[in-house]
Each structure stands twice: as C-alpha cells, then as structure tokens.
Amino acid sequence: MLVESNQEIAERISLISVSSTMRVAAEAEKLRTQGVDVVDFGAGEPDFPTPDNIKLAAIRALELNFTKYTNAGGTLELKQAVCERHAADFGTHYQPGECMITVGGKHAIFNLTQALLNPGDEVVIPVPYWVTYKDVVNYAGATCVFVRTDEEQGFTFTADMIAPCLTAHTKMVMINSPSNPSGAVLDRAEFEKIYRMTAERGIFLLTDECYCRFLYDSEPFSIASLAGAKDNVLVAGSLSKTYSMTGWRIGFVLAPARVIGAMVKLQSHATSNPTSIAQKAAVEALRGPQESVATMLAEYARRRDFVVERLRAIPGVRCAEPRGAFYAYPNIGVALRNGMSSSVQFAEKLLEKAAVAVVPGEAFGTDRHVRISYATSMHELARGLERLHRFIVEQ
Ligand SMILES: Cc1ncc(COP(=O)(O)O)c(C=O)c1O
C-alpha cells in the first residue's frame, strides 16, 4: 500500500540553490583527489595565512579558558572594537547597541534579509551581484529587482539607473562596493545620491563592505559616515578577507538598534554566539597592527595588473579593470561556440579539458563572463592563464 509521505523537504528550501562558488570548489577538489593538477581560480579567499598576532590572541583565549557561551550577539568587547575600527577607518559614530557580531559576513546578510523582508517586498540589486544576495532575498519570500550595468563602464552604476527600479514595494537597495565578482567601485557622488534617494523614500540601503579595505585607486569610504545615515543604512561587514580569516567565521552588522534587536532574537535561536575564541582573535585583528592589510593589498594590486594584461592578450577576450576586491570578470563570449553556449558550459569544459577552475558568470547574473579570483600565487596565475589562453584559442 502506498502511504503518503510526510517527510518532504520544506518548500522554502526550493527557493534557494547550492552556491555555485561552492559547487566549483567541490568539482575542483574531486579532480584533485583523482590526481589531476588543477589550477583553482574559483576560491574567493586570500592565500595569505592569518597574521600571527591574531592567531596568538586565539591561543591566549584558549589558555584563559575563554571557551564558553558569550552573549548571542557577540561580546561587548568585540562590538566596541568593531565600532572603534569603523570610526577610525571611515569616521562613523556607532555605539555597541547598534552592532552585532555574526558567524561571518554571509550570516550578517542572512540575518538582515530574514529580519527585515516580507513576502511582496522588493530588493534592488545591481548586476553582476554576489551569488548569495539572490538566494537570501528569495528565501525571505521577497523579490529581487535587478539593475543591468554596462561592461564598458566597468560594471559600475549610477543613481539614475537605480531610480526607475524604486517602487512602493521597495524595501531595500543592496550595494557591494568594491564588487564581487567585477571589482567595480561605486563612484562616491553616485553612492551619496543613491543614499539620499533611499533615505527620502524610507528604503533601507544595505552596504556590503566585505572588500572595503581592498581598493586600488580610491580611498576607503563608508556611506554610513554621512550625517544622519545611520538611521537608514545597514552595514554588513566581515573580517574574512580583510584579515585573511575566512575560516574563523566572524562578521558584523552596524544598524539601527531596533534592527539589531530583531536580528539578535533570530540569531539567539539559530547559532547563538559566534565562536568565543574567534571573537577574541577578532578583537586583536581590529585593534592590533593593521600593516598586514596594506601588504595584502599591494600584492593584490601586482597580481591584478598581471591578470588583466594577460587576459587582454587572449584574442577576443575583454576585461574591465577591477578597481577593488580580488576578482577579474572577463568576457569570454568569443569562446562560446562549438556547442558551448553558456558560461556554465565554458567553465565545465575548461575544468575538464584544461584543469582550470573558474566560476561561471551565470552565478552572478551575466552569461558571457567568468570570475577569476587572483587571491592565489603569481605562479598559479601564470600557469592557469596560460592554460586558459590555449583553451580559448583552440576552441
Ligand atoms: C560580497 C561578499 N559579501 C560577503 C561575503 C561573506 O564573507 P564571509 O561570510 O566569509 O565573512 C563574501 C564572501 O565571499 C562576499 O564575496
């Protein structure tokens, strides 16, 4: 007898898909375990070790038995350190009551979207966007409204491009500058215009500052530093890239206290506090010497110049110059032939035939690009780009 099952997966899980960056990492890992010499441009994480002073702070925390629950929203000490660092870097004036610590920057964005969005709400997102935005907005039952950008303009955008997308249903505009995947940096004057537009209409402006310290030709800037902006702006921050701490899982949110309260409620039933030891390490990262950030930035700048020049040397490949973060987002449309019609197929074939892992542009909302992370050594970049060149020419 057929029994109707009550063991179906919840419908809301069908609203999200497996992160493509993680799928690429898994595929590359599988090939590697089979002995294939894979060059991996997929991973969006620094190849530098976490600085020693940060690791020592974690060891000290262990020695002092700082190994128990903390407040669900993070320790007061770390919240103070986040507010101080943000004030020192950007001239903002946040208090610990307007701050919470999360399990990485991704969790910051998850908390913000789940605590604020209702079904029917619209969220305006420029394209190309970071993969997770679409899924977390969908998961909240809200709707993404995508704003196309122009590759010729380096994928940046203006307030005039955002304005037509704002409706009575718009709850939030999400901005990521510098951008993953394109490295585009939003012009400061346009950022300010977008802020004013959202503030006037009572729309939240979420700024994902994950790569805020990795800028090649402009000064670090936070829209939250504008007078009065704290009421309207939601800052999602992460220590993952800035301090090469991807595995430690520490991020934060700076937002109005009532928004923080809602998110702490959610977090208290989900993860509870981020790991106590990692929180101590994060205090050291934020309050200790900052030289490692400049050292990494200088190395990324060197690699960026090499990668862009090398990509542009491949016949038919175009590449907008990344102005921040550590990704290049070349247009590989020239190679979409001989049965390959999408960047997904391109990435699959590139991995299979040339053992180079890249993330297909589909993940970020465009279909003729791939993302190349240059958070890897010059040696690997040279090897992988040589293979990519040959693969495209031989298509
Ligand atoms: C644009 C952007 N925001 C946020 C994050 C979150 O980083 P994490 O959760 O590792 O702190 C990432 C990570 O890749 C990212 O690229």
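The values are calculated or read from the model by the stated rules, or taken from the named source; none is laboratory data. Every value quoted in this text rests on a predicted model; they were computed, and no experiment measured them. Please note: Cβ atoms are built from the backbone with ideal geometry, for glycine as well, and neighbour counts cover all protein chains shown. Areas reflect the complete protein model, heavy atoms only, side chains present, ligands, DNA and RNA absent. Shrake-Rupley method; radii C 1.70, N 1.55, O 1.52, S 1.80 Å.
Would you check if there is a residue in the stretch 29-47 being at pLDDT 95 or above and under 28 Å from I223 (Cβ atoms)? Taking every residue of the stretch 29-47 in turn, none turns out to be at pLDDT 95 or above and under 28 Å from I223 (Cβ atoms). Please go through the stretch 38-53 and pick out each residue that is open to solvent by less than 80 Å² (accessible area, probe 1.4 Å) and more than 17 Å from the chain's Cα centre (by Cα). Across the stretch 38-53, the qualifying residues are V38, V39, D40, F48, T50, P51, N53. One residue alone among T158, T132 is in contact (Cβ under 8 Å) with a residue 24 or more places away in the chain, under 21 Å from G42 (Cβ atoms), surrounded by fewer than 22 Cβ atoms within 10 Å (Cβ to Cβ) and hydroxyl-bearing (S, T, Y), and that residue is T132. The residues of the stretch 363-380 that are surrounded by 20 or more Cβ atoms within 10 Å (Cβ to Cβ) and not basic (K, R), listed by number, are A363, F364, G365, T366, H369, V370, I372, S373, Y374, A375, T376. For A189, the conditions (1) hydrophobic (A, V, I, L, M, F, W, C); (2) away from the ligand (no atom under 16 Å from the Cβ); (3) touching a residue at least 12 places away in the same chain (Cβ under 8 Å); (4) not in a loop (DSSP other than H, G, I, E, B) all hold with the exception of (3). Filter the stretch 212-238 down to the residues that are within 15 Å of the ligand (Cβ to nearest atom) and touching a helix residue (DSSP H, G or I) at 6+ places or on another chain (Cβ under 7 Å), then identify the one that is most open to solvent (accessible area, probe 1.4 Å). Within the stretch 212-238, the match that is most open to solvent (accessible area, probe 1.4 Å) is R213. Would you pick out the residues in the stretch 88-107 that are touching a helix residue (DSSP H, G or I) at 6+ places or on another chain (Cβ under 9 Å) and within 23 Å of G42 (Cα to Cα)? Scanning the stretch 88-107 gives V103, K106, H107. The residues in the stretch 91-130 that are closer than 18 Å to K241 by Cα and more than 12 Å from the ligand (Cβ to nearest atom) can be counted, and the count is 0. The helices (runs of 4 or more DSSP H) found wholly in the stretch 239-356 and carrying at least 3 residues that are away from the ligand (no atom under 15 Å from the Cβ) and under 30 Å from N65 (Cα atoms) occupy 257-268, 276-287, 291-312. Scanning the stretch 328-360 for residues that are out of contact with any Phe, Trp or Tyr (no Cβ under 9 Å at 6 or more places or on another chain), aliphatic (A, V, I, L, M) and surrounded by fewer than 19 Cβ atoms within 10 Å (Cβ to Cβ) returns V334, V344.
Mind checking which pairs have a first residue in the stretch 369-395 that is more than 27 Å from S244 (Cβ to Cβ) and a second that is modelled with pLDDT under 95 and part of a loop (DSSP other than H, G, I, E, B), Cβ under 6 Å, 6 or more apart or different chains? That search, which allows pairs on different chains as well, returns Q395/N338. Could you tell me whether any residue of the stretch 9-24 is open to solvent by less than 50 Å² (accessible area, probe 1.4 Å), touching a strand residue (DSSP E or B) at 6+ places or on another chain (Cβ under 9 Å), part of a helix (DSSP H, G or I) and more than 16 Å from the ligand (Cβ to nearest atom)? Looking through the stretch 9-24, none of the residues is open to solvent by less than 50 Å² (accessible area, probe 1.4 Å), touching a strand residue (DSSP E or B) at 6+ places or on another chain (Cβ under 9 Å), part of a helix (DSSP H, G or I) and more than 16 Å from the ligand (Cβ to nearest atom).
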